[in-house]
Amino acid sequence: MAESIVFIIFAAVAIAGALVMLTASNPVYSAIGLLGTMFSIAIMYVLLDAHFVAVVQVLIYAGAVMTLFLFVIMLIGVDTSDVYGRRSPLQRTLTGVVALGFFAALALAGREAWITGSNAFGSGSLNGTIENISDELFGNWTIVFLSTVMLLTIAALGTIALAYFEREEEQA
C-alpha cells in the first residue's frame with residue numbers, strides 16, 4: 001500500500017515536471033521541470049528495487065546532463081527575446097488532438113496486466129543490482145562498453161580541441 005502511495009505522488013510530480021518543461025516560456029524553468037521529472041523517475045526505479053539504476057539516473061541524467069543543458073541554455077543567452085513569429089491558430093488544436101490520442105493509447109495499454117515490483121522476476125533474482133549489471137556489462141557486453149568509452153573520450157577530446165582552436169583564431 002505504501003509503495004502505491006509513493007508511486008502516485010511521484011508519478012504526479014513527474015507529470016507536473018513534464019508539463020512545466022513543455023509549457024514554460026523560460027528555458028531555465030523548462031530545465032528545472034525536466035530535473036523534477038528525472039528525480040521522480042529515480043524514485044520509481046527505487047520502488048522497482050533497481051537501486052543502482054536509480055543512482056545512475058540521479059548522477060548521470062539529473063546531474064551531468066542537466067548541468068550540460070543549463071550550460072548550453074546560459075551560453076545561448078536567456079535574456080534575449082526569442083522571435084518565433086505568429087503561431088498558427090491550428091497549432092494548439094492539433095497539439096491537443098495529438099496529446100489526447102497519446103493519452104488514449106496510454107490508457108488502453110494500462111488496461112493490461114503489468115508485472116512490476118520486486119517479485120516481478122522471481123524471488124532469487126538480482127535484477128537492478130550492481131552485481132547483475134556488472135556481470136552483464138563486463139561479461140557479455142565488454143566490447144560494446146569499451147568501444148562506447150573510447151567513442152565518448154574521442155568526442156570529448158575533439159570538442160576541447162575545436163573550442164581551443166576557435167579561441168586562438170578569435171584572438172588573432
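Here are the numbers for the structure shown:
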| item | result |
| --- | --- |
| Label-point gap, in nm, between Ala24 and Phe69 - each point 7 angstrom along Cα→Cβ | 0.8 nm |
| Segment Glu131-Leu90, extension gain: residue separation times 0.36 nm, minus the distance between their alpha carbons | 9.5 nm |
| Projected label distance in nm at Val58 and Leu152, using a 7 Å step from Cα toward the beta-carbon | 1.9 nm |
| By average C-beta atoms within 10 angstrom, highest first, the peptides 5-13, 47-55 | 47-55, 5-13 |
| Point-to-point label distance, Ala107-Tyr164, nm (Cα→Cβ direction, 7 Å offset) | 5.8 nm |
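Coordinate-derived values only; no laboratory data. Just so it is clear, the model here is predicted, and its values are computed rather than measured. Backbone-built Cβ (ideal geometry, glycine too); neighbour counts: all protein chains shown.
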